[in-house]
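The values are calculated or read from the model by the stated rules, or taken from the named source; none is laboratory data. Keep in mind the model is a prediction, meaning the values are calculated, not measured. Reconstructed Cβ throughout: ideal geometry from the backbone, glycine too, with neighbour counts over all protein chains shown. These area figures cover heavy atoms from the full protein model, side chains too; ligands, DNA and RNA do not enter into them. Shrake-Rupley method; radii C 1.70, N 1.55, O 1.52, S 1.80 Å.
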Amino acid sequence: MKRLSNYYAHKKRLVEGFEARKEFLSPGSYQFDESMTYIHLDDMEISRKSKELFSQGLHIINFANGGFFVKTAVTKILRFYFNKKLFIDRKTKEADKGTVYLPAGNGKDVKIFDFSQKEVLITYSETEIFQQKLDAYSQFKNWFPIPSILDKDEKRKLIIERYIEYKSSAQWDDYDTKFIINEVFRRYLEYFKEQGSNGTADWVPAFEIAGLLPSDSAFLEEIELGISRELLERPLPMLPVHGDLWSPNILLDKEDSKKIYFIDWEMAGDMYFFYDFFVFMWNEAIVNKNYSFIRYYMEGEYDFYFEHSFELFNLEFDKGRKQEYLNIFFLNMYVRRWLDADDGYMDWIWGEYRKFMEYVISLDVLPDMPRRN
């Protein structure tokens, strides 16, 4: 019942945020999508387009173990209840405005899409996050294609960036996926080449990261047991990276399949140089249930890229320590993402970590040896 109450309260806040930003939206009747994650104009074409673009990677809410019926019934009831209130009544339409209201994962910031003008208006709840967006654009645009910023309002913490007509990750074929992964590695290698040569990276051993974390966590103890003492004490380079890389944050240009764009840099910061490679594999596995990327890593398909990445910092990539590198990433992720999480969420994360690592272990095979049970 508590989870149901929290879910209702969360959706109520979403509607309140929608009401507070009416000035940026076109007049008309609006409704939630089926998962109650975003709000769109009640128009067949807008509904189709938004579903195609935003359905991948949406968070699923479960009210009870095995409670699919409960989740479906509650969602339908709340959609009916809230949709009656979603109407913007203006007699004149001064200019084209947004038709899709998409809250960010942090529950505070919002993206409003204007497909006709090819613009995305982003509203930020905090000046610090707003400034991080601008800083990241300046810092990374030389190595990573980022949608251009068309306008900004520092006082109101607003940014308007160019909307990229993109192919949804749910529609990527095998060629698209391989091209995108190669582009991610290629652009990071160019970035590492610059960062490694100018010596701007900070070198931090994993045990220092562990020292920032709770000392009484069985979850953390499990992660640390997966790292040898030698590797815990070995300094590794930390430098600014994206921090939340996965398929919804990579746009494949619909008009030119040889172009990709990197979006949502608000979580960028100093992390281990391989952080984005692993956060991509992790996000795809636990959210999209796509374990192919971690399988490719364990089976050696990405060895060339990892070897080259390590070499650019005068390090050697040890293929026998792939699991240990993963666990160092998890220590880093704990500091960046999970320190302030509540107990219920952390129990879920721990369960997902165990499933993820069990799968990894099942792939950890020696040449000409059978797979482990």
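Residues in region 70-82 that are open to solvent by less than 70 Å² (accessible area, probe 1.4 Å) and farther than 20 Å from Gly17 by Cα were compared, and the one that is modelled with the lowest pLDDT is Val70. Residues that are modelled with pLDDT under 85 and of a type in the set (A, V, I, L, M) were ranked within region 37-66; the one that is farthest from Lys111 (Cα to Cα) is Ala64. The residues on offer are Asp216, Asp176, Asp256, Asp264, and the sole one that is farther than 24 Å from Lys49 by Cβ and not hydrophobic (A, V, I, L, M, F, W, C) is Asp216. Restricting attention to region 329-342, does a residue exist that is farther than 29 Å from Ala201 by Cβ and either at pLDDT below 95 or buried (at least 21 other Cβ atoms within 10 Å of the Cβ) (or both)? Yes, region 329-342 has at least one match. Consider region 152-201 and keep the residues that are polar (S, T, N, Q) and out of contact with any helix residue (DSSP H, G or I) (no Cβ under 8 Å at 6 or more places or on another chain). The one that is farthest from Tyr272 (Cα to Cα) is Thr177.
Tallying residues that are surrounded by fewer than 10 Cβ atoms within 10 Å (Cβ to Cβ) and either under 27 Å from the mean Cα position of the chain (by Cα) or under 21 Å from Trp348 (Cβ atoms) (or both) within region 215-224 yields 2.
Applying the selection to region 168-195, what residues are of a type in the set (A, V, I, L, M, F, W, C) and over 23 Å from Leu236 (Cβ atoms)? If the condition is that a residue be of a type in the set (A, V, I, L, M, F, W, C) and over 23 Å from Leu236 (Cβ atoms), then Ala170, Trp172, Phe179, Ile180 are the ones that fit. If the condition is being in a helix (DSSP H, G or I), of a type in the set (D, E, K, R) and farther than 22 Å from Gln195 by Cα, then region 312-358 contributes Lys319, Arg321, Lys322, Glu324, Arg337, Asp343, Asp347, Glu352, Arg354, Lys355, Glu358. For region 1-31, residues that are more than 20 Å from Ser50 (Cα to Cα) and surrounded by 17 or more Cβ atoms within 10 Å (Cβ to Cβ) total 1. Taking first residues from region 275-301 that are within 19 Å of Ile349 (Cα to Cα) and open to solvent by 20 Å² or more (accessible area, probe 1.4 Å) and partners that are of a type in the set (Phe, Trp, Tyr) and in a helix (DSSP H, G or I), the Cβ contacts under 9 Å between residues at least 6 apart in sequence or on separate chains come to Tyr291/Phe356; Tyr291/Tyr359.
For region 301-311, the set of residues classified as out of contact with any helix residue (DSSP H, G or I) (no Cβ under 7 Å at 6 or more places or on another chain) and assigned to a loop (DSSP other than H, G, I, E, B) consists of Glu301 only.
Within region 1-36, the set of residues being closer than 22 Å to Asp109 by Cβ and among the hydroxyl-bearing types (Ser, Thr, Tyr) comprises Tyr7, Tyr8, Ser26, Tyr30, Ser35. Looking only at region 225-248, filter to residues that are open to solvent by 10 Å² or more (accessible area, probe 1.4 Å) and touching a Gly at 6+ places or on another chain (Cβ under 9 Å); which one of those is modelled with the lowest pLDDT? Among residues in region 225-248 that are open to solvent by 10 Å² or more (accessible area, probe 1.4 Å) and touching a Gly at 6+ places or on another chain (Cβ under 9 Å), the one modelled with the lowest pLDDT is Pro248.
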